[in-house]
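Student: Below is the structure I would like to discuss, written out as structure tokens.
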Amino acid sequence: MTNRARVSLLLAPSLIILCVLFFGGFLLGIMQSLNYMPMIGLDSPNFEAYKMMFTDEQFFQSLLLTLWISIVTTVLVIVLSIVSALALRNTFVGKRLVNFLYQFPITVPYVVITIGTLFLFSQSGSVARIAYNMGIISDQSMFPELVNDKFGLGIIFVYVWKQVPFIGVIVLSILQSMGNNFEELARSLGANKWQSFRHVLLPIIIPGILPASIITFAYTFGSYEVPFLLGRPYPAVLSILAYRLYDNVDLNARPEAMAMAVFMTAFLVVLVFLYKKLLNKASGRD
Amino acid sequence: MTNISLRNLTKVYEGTKEPAVENFNLEIEPGELVAFLGPSGCGKTTTLKMIAGLHSVTGGDVLFNGERVNDIKPENREVVMVYQNYLLFPYMNIAENVGFGLKMRHVPKDEIARRVDEILKLVKLEGYGPRKPNQMSGGQKQRVALARALIIRPKILLLDEPLSNLDAHLRDEMRELILTIHKEFDVTTVFVTHDQEEAVLLADRIALIFEGKLQQFSRSEDFYERPASKRIADFFGNANYIAGEKKDNKVATALGTFAVREDLKVPDGRVTLIIRPESIELGKNGENSFETKIARRIYMGTYIRYRIDMDGAFWDVVGDPHYNVDYDEDKTAGFTLPKNKIWLLEGDK
Amino acid sequence: MENVKQNNSRNALLFIIGLGIIIGVIVPIVPQLVWAVSHRWAFPDLLPEAMSGRAWKYIANPNSKVLSATLNSLVIAICVTVISILVGVPAGKALGMYKFKAKGAIELIILSPSIIPPLAVTMGMQVIFIRMGLSDTIFGVILVHLIPTIPYMTVSMAGVFANYDPAYEEQARSLGAGTVKTFFLITLPTIFPGIVTGAMFAFLISWGQYILTIIIGGGRVITLPLLLFSFASSGDFTLTSALSIIFLLPSIIILVITSKYLSGQSSGMGGFGNI
């Protein structure tokens, strides 16, 4: 068997399933967003759904909230994962326990930590109770809104909790494979601790975690479950708005739901494209 | 120029009992080029990193020109380390790599550019500034690493296995470059290596280290001709041994009595006689000659090597490069041990 | 002296970060453990007024939907995992061990479901699923769960195969092992830990799915996450917590099994964001 035939055979099942389901679904989504669905008698495509979406103030508020949550989450995740990985690189008493717990969130389903966050940070949650018993607040309404709040704080907390170890484990393995030599070299060339972090460690870590960070950003941007339980009905993140329109008893709302799905996809595709472009530019400077 | 003194230097790593370096005492003269030689894991790199300040000192002191530097941070020591695998920062071009140390010292950009050009010229890499490390060959990377170290005019230059990663033909070139640089910059230089050839090629003096302890610190000739122990003799090429009884500058062995130099400071009694395979003469040439059987004749290309039967043990003898004398296997032949090439160790273990 | 001072501040920082990790990970899980056995737990009590096994009795009751939902979740997740292994291992081998034209494009196709939200494509798909009679069926749900799991399995196996040296197979063949023996004695043992890790995470991705299940299952295929969401929205904290604990069990088991592989296998972690 030639290599070409073998590779095709190995890849075929995977590619067929993904192409049929994923790209098929995507194509159907585009068609429906254009109100074009010959099999149910819709055969004159139009851009009504997109017009509706782009004139809908609710859409822009949702987009803003979604971007806010995804960007804040990603920045926090990158910072915290680097800090925690740098700490976990050292040896200390109880490191095995800390290491084990550090990886725990990777396997915990989003639903479980979402419910945990609700119980912990809601106005009747554990933190509020402790604050009340310590006399910091005298009524549960005095406790700040940390879940179902307008800034999506609870949502951000859940994403950060889940994603820090995911990126952190990658940072750890980068640190492990580069060893101490680069830092030592920088120190011996006259860099102080901060300079050797800033000019040597960071430029090696960041490109290593960017692909994974884009994946977590995309997940945060498009996921439904966490904001469903911890968000406000209005404004809601894009995925919730889209599903609400899709699930509407009025079937005429569906094209707009699909338009929103297409928009989200296009947005993320452009983001990945820009990232690739940036990457090529950075590595092909010469 | 800087002198380095190591006084009772000891390093015990966290979580280990055995010291990696134990009671290390050494004086390195200003401007000297010294090799730390030993098998891997002997503590030579640890010692180097303690000089650089990259590893903390468990006991003892590191002194530069008589001043204790134990508590001075690595970035303030003006001691630069060049790593074996060069460690060029992959995301910086060559010029940025070379200028790194100056940037850390907040030297103005135009001065950095000027000094980078200058030093790249010195290491024969003029015009390579805009390239990326992955576009350079091994020898070129090594030169970049040297330039990056030298640009900050360090007091002390530390090299980690400077020739090990290079092909044979590049080794000579790099050796010349290191010697030239060492002369030009007058910088006290210490390098570590596990390869005695590398040490002999480059160093003024060699510190031989086994299991964290300094064994012998002297010129390379001394390791060949006057090793302090059998183990040291073995580390520097092949050596032949025979046990005997010394009395009045003569050593009586199972194969006869051999005369030795009068200036050997070994007391009479049981001794081990040492001679290098290349020091043994073919044929019976008067004093110290004997006959024995040729057990093996090994053709080596440029010369012939013999294994000769020495009362149960076997000795190596380097034969004549011109093939004027050629002994056959299983025949008896004569050999001579030149008196001035014989070295003695106390005891016969 | 300076060294000592530096060490102290370094240790203090390590202590804070280490403690932060311990508290940050454990504390958000704790209230559920207490809620699951509490009877009444009104504000501002720090501990419940009384304990109760109500939630657990409900769960154990064969008439409740919990048992069937757990069974559904298990069946779906196991089928998804098996299919993902069957198609993901070969694809991972192709990507990890061979160089070929259009490799970049194929990698992009396989990675795209981890960038583009599956929610977005599943909504478009549902029309066709209804036509084909796949909507509201377990089989339909299994199919959509494959969208996030196959890319994950493929990428993680590509990482395993990239580190796999085919010379071992050649050595075995030259020592007289046939194709079948070589596969079972050499290839399989080498990649097995990678398959196990990948499979467990594929299981978790399917196990935690909510929105894909509800779009294609139409609320008729009831899985654990669906029950959890409906209890959580209804405000029955005791029952929600008990279900949440059951829901968490596979994660704990899997973490214990895989924790030693995790740190070494970052290359295949591209899909963990999807769990």
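Student: Using protein heavy atoms only (no ligands, DNA or RNA), what is the total accessible area buried between B and A, 1.4 Å probe, nearest 100 Å²?
Tutor: On the way: alone 17330 and 17960 Å², together 33140 Å².
Looking at B and A, the buried total is near 2100 Å².
Student: Here is a follow-up. By a straight-distance test (C-alpha under 19 Å), which lysines pair with B:Lys183 as possible cross-link partners, with residues fewer than eight away in the same chain excluded?
Tutor: Straight-line reach from B:Lys183, under 19 Å: B:Lys121, B:Lys124, B:Lys155.
Student: If you don't mind, another one. Within the accessible area of chain B, what % is carbon and sulfur when the probe is 1.4 Å and the other protein chains stay in place?
Tutor: Ligands and nucleic acids excluded, carbon and sulfur reach 45 percent.
Student: Can you tell me the Rg and the Dmax, both Å, for the Cα atoms in segment A:48-282?
Tutor: Radius of gyration, then largest Cα-Cα span, for segment A:48-282: 21.2, 70 Å.
Student: Name the helices (complete DSSP H segments) of chain B with a Cα length along the long axis of 15 Å or more and a Kyte-Doolittle mean of at least 0.5, or state none.
Tutor: B:94-104
Student: Can you give the Rg to Rh ratio for segment B:4-225, taking only C-alpha atoms and Rh from Kirkwood?
Tutor: We get a ratio of 0.97 for segment B:4-225.
Student: Something else about it: Have a look at B:Lys44, B:Lys73, B:Lys155 and tell me which one the Gaussian network model of chain B (Cα, springs below 10 Å) gives the largest fluctuation.
Tutor: Ranking B:Lys44, B:Lys73, B:Lys155 by mean-square fluctuation puts B:Lys73 first.
Student: Just which residues of segment A:76-103 lose 10 Å² or more accessible area with every protein chain there, against their chain alone, with the probe set to 1.4 Å?
Tutor: Residues meeting the cut-off: A:Val83, A:Ser84, A:Ala87, A:Asn90, A:Thr91, A:Phe92, A:Leu97, A:Val98, A:Phe100, A:Leu101, A:Tyr102, A:Gln103.
Student: Which residue fluctuates most in the GNM of chain A (Cα springs below 10 Å): A:Leu172, A:Leu210, A:Leu42?
Tutor: Answer for the Gaussian network model of chain A: A:Leu42.
Student: B:Ile304's amide H: which non-local residues (gap 5+, or another chain) put their own amide H closer than 5 Å, with H modeled 1.01 Å from N in plane and none for Pro or chain starts?
Tutor: Amide H neighbours of B:Ile304, under 5 Å, 5+ apart: B:Gly319, B:Asp320.
Student: Enumerate the calculated ³J(HN,Hα) couplings along segment C:193-202 in order (Karplus 6.51 cos²θ - 1.76 cosθ + 1.60, θ = phi - 60°), each rounded to whole Hz, writing x wherever the residue is Gly or Pro.
Tutor: With coefficients 6.51, -1.76 and 1.60, one gets x, x, 5, 4, 4, x, 4, 5, 6, 4 Hz.
Student: For segment B:1-155, what is the accessible area per residue in Å² when the probe is 1.4 Å?
Tutor: Computed with neighbouring chains in place, this is 44 Å² per residue.
Student: Would you calculate the volume per residue, in Å³, of the smallest convex hull containing every Cα atom of segment C:109-174?
Tutor: Details: hull volume 8.0 nm³, N = 66.
Once divided by residue count, the hull of segment C:109-174 is 122 Å³.
Student: Leaving out ligands, DNA and RNA but keeping every protein chain, what accessible area does B:Phe314 have, in Å² rounded to the nearest 10, with a 1.4 Å probe?
Tutor: Counting only protein heavy atoms, the figure is 110 Å².
Student: If you don't mind, another one. Once amide H atoms are placed 1.01 Å from N in the peptide plane, what residues at a sequence separation of 5 or more from A:Ile137, or on another chain, have their amide H within under 5 Å of its amide H?
Tutor: Sorted by chain and number, the residues that satisfy this are A:Tyr132.
Student: Here's something else I'd like to know. Probe of 1.4 angstrom, ligands and nucleic acids ignored: what's the accessible area per residue over segment C:63-274, in square angstrom?
Tutor: 38 Å²
Student: Shifting gears a bit: Whose amide H sits under 5 Å from the amide H of B:Ala207, counting only residues 5 or more places off or on another chain, with H placed in the peptide plane?
Tutor: Excluding prolines and chain starts, which carry no amide H, the hits are B:Ala35, B:Phe36, B:Leu37.
Student: How much solvent-accessible surface does C:Thr190 expose, in Å² to the nearest 10, with a 1.4 Å probe and all protein chains in place?
Tutor: 70 Å²
Student: Considering the protein assembly as shown, what Rg and Dmax in Å follow from its alpha-carbon atoms?
Tutor: 36.4, 120
Student: DSSP beta bridges in the protein assembly as shown, what fraction antiparallel, as a percent rounded to 5?
Tutor: Antiparallel: roughly 75 percent of the beta bridges in the protein assembly as shown.
Student: Next question. Buried accessible area for the A:C pair, summed, 1.4 Å probe, in Å² rounded to 100?
Tutor: Using a 1.4 Å probe, the pair buries roughly 8000 Å².
Student: Between segment B:1-68 and segment A:91-148, how many Å separate their Cα centres?
Tutor: 50 Å
Student: Which of the helices in chain A, when you take each full DSSP H run, stretch at least 15 Å along the axis at their Cα atoms and have an average Kyte-Doolittle score of 0.5 or higher?
Tutor: Length and hydropathy pass: A:3-18, A:57-88, A:110-121, A:153-178, A:202-222, A:254-283.
Student: Just how far, in whole angstrom, is segment C:25-67 from segment C:189-211 if you go by their alpha carbon centroids?
Tutor: Using only Cα atoms, the two centres lie 30 Å from each other.
Student: log10 I(q)/I(0), Debye, Cα-only segment B:238-346, no solvent, q = 0.21 Å⁻¹?
Tutor: These q points yield log10 I(q)/I(0) values of -1.10.
Student: Got a number for carbon plus sulfur as a percent of segment C:1-114's accessible area, 1.4 Å probe?
Tutor: Working: 4530 of 6370 Å².
Percent of accessible area from carbon and sulfur atoms in segment C:1-114: 71.
Student: Continuing with this model, one more query. Name the residues of segment A:5-52, by number, that are at least 50 Å² less accessible with every protein chain in place than in the isolated chain; the surface is that of heavy atoms, probe 1.4 Å, without ligands or nucleic acids.
Tutor: When all protein chains are present, A:Val7, A:Leu10, A:Leu11, A:Ser14, A:Leu15, A:Ile17, A:Leu18, A:Leu21, A:Phe22, A:Met39 each give up 50 Å² or more of accessible surface.
Student: If packing is taken as the average number of other Cβ atoms within 10 Å across a peptide's residues, how do B:296-308, B:77-89 rank, most packed first?
Tutor: Averaged packing, sorted descending, gives the order B:77-89, B:296-308.
Student: Hey, got the average number of other protein chain Cβ atoms within 10 angstrom for residues in A:117-128? List each step's numbers first, then the result.
Tutor: On the way: counts 2, 6, 12, 6, 2, 1, 1, 5, 2, 7, 2, 2.
That works out to 4 on average.
Student: Shape of segment C:1-119 from its Cα gyration tensor (a ≥ b ≥ c, root eigenvalues): rounded if a/c is under 1.5, otherwise prolate when a/b > b/c, or oblate?
Tutor: Note, shape of segment C:1-119 comes out oblate.
Student: I'd like the trypsin sites (Lys or Arg not before Pro) in segment A:114-183 restricted to DSSP loop residues with at most 13 other Cβ atoms within 10 Å, sorted by number.
Tutor: Those that pass, being in a loop and sparsely packed, are A:Lys150.
Student: In segment C:9-24, what residues drop by 30 Å² or more in accessible surface going from the chain by itself to the full protein assembly, probe 1.4 Å?
Tutor: Those residues are C:Arg10, C:Leu14, C:Ile17, C:Ile21, C:Ile22.
Student: Taking beta carbons within 10 Å but only from partner chains, what does the mean come to for residues A:215-227? Intermediate values should be presented prior to the final figure.
Tutor: Values: counts 9, 4, 2, 6, 9, 1, 3, 7, 7, 8, 8, 0, 0.
Across the residues of A:215-227, the mean count of other-chain Cβ atoms within 10 Å is 5.
Student: Can you give the mean number of other chain Cβ atoms that lie within 10 Å of the Cβ atoms in peptide C:43-55?
Tutor: Working: counts 10, 11, 3, 5, 1, 0, 0, 0, 0, 0, 0, 0, 0.
Partner-chain Cβ atoms within 10 Å, mean over residues of C:43-55: 2.
Student: Have a look at C:Val37, C:Val160, C:Val221 and tell me which one the Gaussian network model of chain C (Cα, springs below 10 Å) gives the largest fluctuation.
Tutor: Residue with maximal mean-square fluctuation among C:Val37, C:Val160, C:Val221: C:Val37.
Student: Using a 1.4 Å probe, what is the accessible area per residue for segment B:238-346, in Å²? Don't skip to the answer; put the middle values down first.
Tutor: Values: 5680 Å² over 109 residues.
Here the per-residue accessible area is 52 Å².
Student: A further question on this structure: Per residue of segment B:296-312, in order, report the coupling 6.51 cos²θ - 1.76 cosθ + 1.60 (Karplus, θ = phi - 60°) as ³J(HN,Hα) in whole Hz, putting x for Gly and Pro.
Tutor: Computed from phi, the couplings for segment B:296-312 are 9, 10, 10, 7, 10, x, 7, 7, 10, 10, 10, 9, 10, 7, 10, 6, x Hz.
Student: Using each residue's phi in segment B:271-280, evaluate 6.51 cos²θ - 1.76 cosθ + 1.60 at θ = phi - 60° and report the 3J(HN,Hα) Karplus result to the nearest Hz, with x for Gly and Pro.
Tutor: 9, 10, 8, 10, 8, 7, x, 7, 8, 7
The values are calculated or read from the model by the stated rules, or taken from the named source; none is laboratory data. Nothing here was measured: the structure is a model prediction, and the numbers come from that model. Positions of Cβ are backbone-derived with ideal geometry, glycine not excepted, and every protein chain shown enters the neighbour counts. In case anyone asks, the SASA skips ligands and DNA or RNA and just uses the protein heavy atoms, side chains included. Shrake-Rupley method; radii C 1.70, N 1.55, O 1.52, S 1.80 Å.
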